[in-house]
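Accompanying notes for the structure given below.
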Amino acid sequence: MVEVFQYLFQLNSEECLLLNNLISYRKIKKWDFLISENQVCNEIVFVKSGIMRSFFINSKEDEITNCFTFKNEFMTAFSSFITQSPTDENIQAITDCELEVIDKTAVEKLFNSSFRWADIGRKIAENEVVNLHNRISSLQKKSSMERYEELFVNHQKYIQYIPLNYLASYLGVSARHLSRIRQAVVF
């Protein structure tokens with residue numbers, strides 16, 4: 001996590017040390033949950049290894065995959081983390097994961113320590129809004145084949161580890177339709 005922050009925000013040695021001192025480490029096993037529906041999210045994780053997914057359960061009790069998080073990416077139930085209200089999402093490991101964890105208290109300590117950390121927090125929040133916009137736009141504008149191709153191009157080495165029903169749900173198609181897409185896509 002420190003290396004990513006240092007790269008993105010050109011942290012100095014004191015800022016790196018402060019951040020490093022606030023990080024803890026955790027391993028979670030395949031299929032275990034980072035957070036479940038109706039819990040309050042109190043941490044942000046950085047995936048050192050593994051794959052996680054966020055999903056909602058709809059009124060028909062179907063799991064609807066919202067996003068996947070891969071190595072060197074951040075994951076949290078963002079709205080719950082900000083509002084400290086119970087989340088409506090579930091975050092689950094779909095492979096064994098090694099995580100770096102920073103809790104809400106530590107994040108607040110960072111933000112209160114300097115205007116620079118507060119600015120970094122603002123930039124991260126802005127990035128999350130952009131990611132959400134891109135996801136919504138993708139679902140509304142792109143075909144399921146285009147969405148699959150984008151996922152394949154950006155995360156090809158991980159797709160083999162994601163169960164097809166999760167991929168189909170993420171793309172907004174049936175598993176049967178996903179099979180047809182996979183057969184039609186040639187790279």
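The values are calculated or read from the model by the stated rules, or taken from the named source; none is laboratory data. Not measured: the values here are computed from a predicted model. Because the Cβ atoms are built from the backbone with ideal geometry, glycine has one as well, and the counts that use them run over all protein chains shown. The protein model used for the area step is the full one, side chains on, heavy atoms only, and it has no ligands, DNA or RNA in it. Shrake-Rupley method; radii C 1.70, N 1.55, O 1.52, S 1.80 Å.
Taking every residue in segment 86-101 that is under 21 Å from residue 57 (Cβ atoms) and pairing it with any residue that is basic (Lys, Arg) and open to solvent by 10 Å² or more (accessible area, probe 1.4 Å), at least 6 positions away or on another chain, the pairs with Cβ-Cβ distances below 6 Å are 93/30. Filtering segment 28-39 for residues that are among the basic types (Lys, Arg), touching a residue at least 12 places away in the same chain (Cβ under 8 Å) and part of a strand (DSSP E or B) leaves an empty set. Taking segment 158-187 as the range and being surrounded by 13 or more Cβ atoms within 10 Å (Cβ to Cβ) and either of a type in the set (Ser, Thr, Tyr) or not in a helix (DSSP H, G or I) (or both) as the test, the residues that pass are 158, 161, 162, 166, 169, 170, 172, 173, 174, 179.
Name the single residue, out of those in segment 1-29 being among the basic types (Lys, Arg) and open to solvent by 100 Å² or more (accessible area, probe 1.4 Å), that is farthest from residue 162 (Cα to Cα). My answer is 27.
Scanning segment 40-62 for residues that are within 19 Å of residue 169 (Cβ to Cβ) and assigned to a loop (DSSP other than H, G, I, E, B) yields 51, 58, 59, 60, 61, 62.
Restricting the search to segment 74-109, which residues are in a loop (DSSP other than H, G, I, E, B), of a type in the set (Val, Ile, Thr) and open to solvent by 10 Å² or more (accessible area, probe 1.4 Å)? Result: 76, 95. Residue selection: residue 159 satisfies the criterion of being more than 30 Å from residue 82 (Cβ to Cβ) and under 16 Å from the mean Cα position of the chain (by Cα). Is it the case that residue 142 is over 22 Å from residue 93 (Cα atoms) and among the charged types (D, E, K, R)? When the stated conditions are applied, residue 142 passes them. Candidates 128, 149: the one that is in contact (Cβ under 8 Å) with a residue 40 or more places away in the chain, open to solvent by less than 80 Å² (accessible area, probe 1.4 Å) and either out of contact with any Pro (no Cβ under 8 Å at 6 or more places or on another chain) or not in a helix (DSSP H, G or I) (or both) is 128.
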